[in-house]
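The values are calculated or read from the model by the stated rules, or taken from the named source; none is laboratory data. Just so it is clear, the structure is predicted and the values come from calculations on it, not from any experiment. Glycine also receives a Cβ, built like all others from the backbone with ideal geometry; neighbour counts cover every protein chain displayed. Only protein heavy atoms, including side chains, enter the accessible area calculation; ligands, DNA and RNA are left aside. Shrake-Rupley method; radii C 1.70, N 1.55, O 1.52, S 1.80 Å.
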Amino acid sequence: MVASDSFAEFLGEQLAPLASITMRRMFGKTGVFCDGFMLGMVRDNTLYFRVDDDNRAAFKEAESFPPLNYEKKGGTIDLSFWRAPERLFDEPDELVMWARLALAAARRVAVKREQTAPRRK
């Protein structure tokens, strides 16, 4: 389920120090974007941050799993978005710090996609 209006507004306020935060409904969830990069997703008013090889250890250490997932053909597909630790919502500066880690991961993912995308002639 997508983010409620009040949760989306709360996230927008909390993440405002990053830059321009926008949210877009997609696939029954809400994508959280900063300057065009998807740093997070919200499902059922739970925030999940983008994770890659560079920041995965921090999320594992914080025990912020399970990752966002969905069911497909009888199996579970894990996405590269891990639940934001609950304690971050009591620490706005730390929430922004974790969001910056997720934004950096989103930028790295975008670069990798550009490098592996087939070139058009």
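Annotations for the structure displayed:
- Subset of region 6-28 (residues that are within 16 Å of TRP98 (Cα to Cα), in contact (Cβ under 8 Å) with a residue 24 or more places away in the chain and of a type outside the set (S, T, N, Q)): LEU11, LEU15, PRO17, LEU18
- Among the residues of region 77-97, the one identified as over 14 Å from ARG50 (Cβ atoms), open to solvent by less than 80 Å² (accessible area, probe 1.4 Å) and out of contact with any helix residue (DSSP H, G or I) (no Cβ under 8 Å at 6 or more places or on another chain) is ILE77.
- Residues that are among the basic types (Lys, Arg) and either within 17 Å of PHE89 (Cβ to Cβ) or out of contact with any Phe, Trp or Tyr (no Cβ under 9 Å at 6 or more places or on another chain) (or both), drawn from region 55-78: LYS72, LYS73
- Residues of region 103-113 satisfying the condition of being within 17 Å of PHE33 (Cβ to Cβ) and either touching a Cys at 6+ places or on another chain (Cβ under 9 Å) or open to solvent by 50 Å² or more (accessible area, probe 1.4 Å) (or both): LEU103, ALA106, ARG107, ARG108, VAL111, ARG113
- Within region 57-100, being in contact (Cβ under 8 Å) with a residue 24 or more places away in the chain, of a type in the set (D, E, K, R) and out of contact with any strand residue (DSSP E or B) (no Cβ under 8 Å at 6 or more places or on another chain) holds for one residue alone: ARG100.
- Residue in region 39-50 that is modelled with pLDDT under 90 and either of a type outside the set (A, V, I, L, M) or over 27 Å from GLU114 (Cα atoms) (or both) present: no
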